[in-house]
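Comments concern the structure below.
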Amino acid sequence: MGTITFVLLTNKRKIPKFGSIKIVRSNGKNLISVLSKIKTKYVAFLREEDQISELYFERIYQKIEEDFDSCFINYDILFKKEKQTKILQNEEELSKNIPYVYEYIWSYIFRTKKLLKILEIPYDDQMNDRILKTFKKRCAIGEVLYYHNPVNPYLNDKVYYKYVKHAHYYKNILYIADGCNCVFNGYVSWIRNIGRCFGKDYDITILYDVIWEPTLHLLEKQFRCVKRNYYENYCCDRMIDTYSTVYYPKNIICFEMNALFIHGVMEDFKELFPIYYDDIYSRYICVSEASRKKSIEFFPNSHLETILNPFSLEGEEIRPHLKLVSCQRTYKGKGMERIKKFASILDLLEIPYTWNVFTDAEENTNHKGLIMRERVYNVLPYVQDSDYFVLLSDSEAMPYSAIEALTLHTKVIGTPLDAFKELGIKDKENGYFIPFEYFDDQHDQELSNLIIEIYQNMVKPIEYQYTNSFYKGYQEIFKK
């Protein structure tokens, strides 16, 4: 039989003796160091506030006679104000449970070497894949052995709980799990539209695990944004969650309602996501009827609602997209470095733009909208579709491309060359001249001001449309 050590995540609790059981105490912060020192084949964890069944140690010792990488210990949830987790008895189903990062570490027995292998690698997007490959041999103990959080006296008093040490209260929580980092997907639009439609009337806090920095800056303009601490508790009247959360965030306690929003067609993800076993949400809400029809079998509750996503542009200024085009060789005097300087200022000003540069240059850039393209025989359609034609040369005798642009009613941006003036280009009328010295670093502010003027003089009317008829039902999700 393999040896096992229990790591007790507290310095206060007393554990009854059982056989050759070994107890190591840790605050959780020096976990790698603790596990590296103990000489044991298996390791399990106990938390101070949780309970264990009378046969807890006995059943575990029976199970470790087998050979496994991780063993899932079935559990029950004792939150008085929370729906009870569905308790599974089928050991075959239970053994499929995977110890995802930071979740349910206390309801597993781990092969110590395997656990250390995971803990010593910094967290990244491939962590859960590594966990799956590391803990290949999995088993389970089907009886309910672990009880997560005993009935806590202050759960009955919401006001008192708000001021408990390490507990934070927010009226409405929109939880973004680490499965959705909001880099570039529909969640960003969904969340921002919630802010536009309900941010003024409802107190909504975004509680997040991981968010892409630029997205976070946008969301902070609409919401209170708080990074979730795994070692603290959060409580709220209402919480909405997304299906990217495979397991319910146990340190978020809802007093009234928690809703799971299903944003995809679950059938498309059946190879990636497990079926959701835990029926602990008050409501399961799909964002379309197509999603609802193909998601029922993936959730323990077959009653799935449908509410379409909110959408609004009311009150938001949508800046037009700047379209630039250049056609030139890579010859040094054609001003490629000036183009890159111009693009870097556009990036700093966060002006949305696409700049097609047709050239024989074989290089890539890190600029957001600058695209080096292969030469084409007929560039006129691109010139006609652009707001400005750009040519920043040292000198030109007869710039045919500028003639083509003017003929197609496309304004020209150029350096102050006599040839441009001879063609009838007039500064700030049908084009802009940029002095050569503006491309020196000490004149960045002058170049920025001129670029802003160039951008603001685009003529592109925008019409706003707004309707709230599609998302009736959202008004009752949040609490005022």
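The values are calculated or read from the model by the stated rules, or taken from the named source; none is laboratory data. Here the structure is a predicted model, which means the values were calculated and not measured. Don't worry about glycine lacking a Cβ; one is built from the backbone with ideal geometry, like all the others, and counts go over all protein chains shown.
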Among (1) in contact with a helix residue (DSSP H, G or I) (Cβ under 8 Å, 6 or more places away or on another chain); (2) surrounded by 15 or more Cβ atoms within 10 Å (Cβ to Cβ), the one test that Pro416 misses: (2)
The stretch 296-307 - residue that is within 23 Å of the chain's Cα centre (by Cα) and modelled with pLDDT under 80 and, of those, surrounded by the fewest Cβ atoms within 10 Å (Cβ to Cβ): Phe298
Can you spot a residue in the stretch 442-451 that is part of a loop (DSSP other than H, G, I, E, B) and either at pLDDT 90 or above or hydroxyl-bearing (Ser, Thr, Tyr) (or both)? no
Residue among Asp67, Asp50, Asp125 that is among the acidic types (Asp, Glu) and at pLDDT 85 or above: Asp67
Inside the stretch 268-293, can you point out the residues that are over 22 Å from the mean Cα position of the chain (by Cα), charged (D, E, K, R) and modelled with pLDDT under 80? Asp278, Asp279
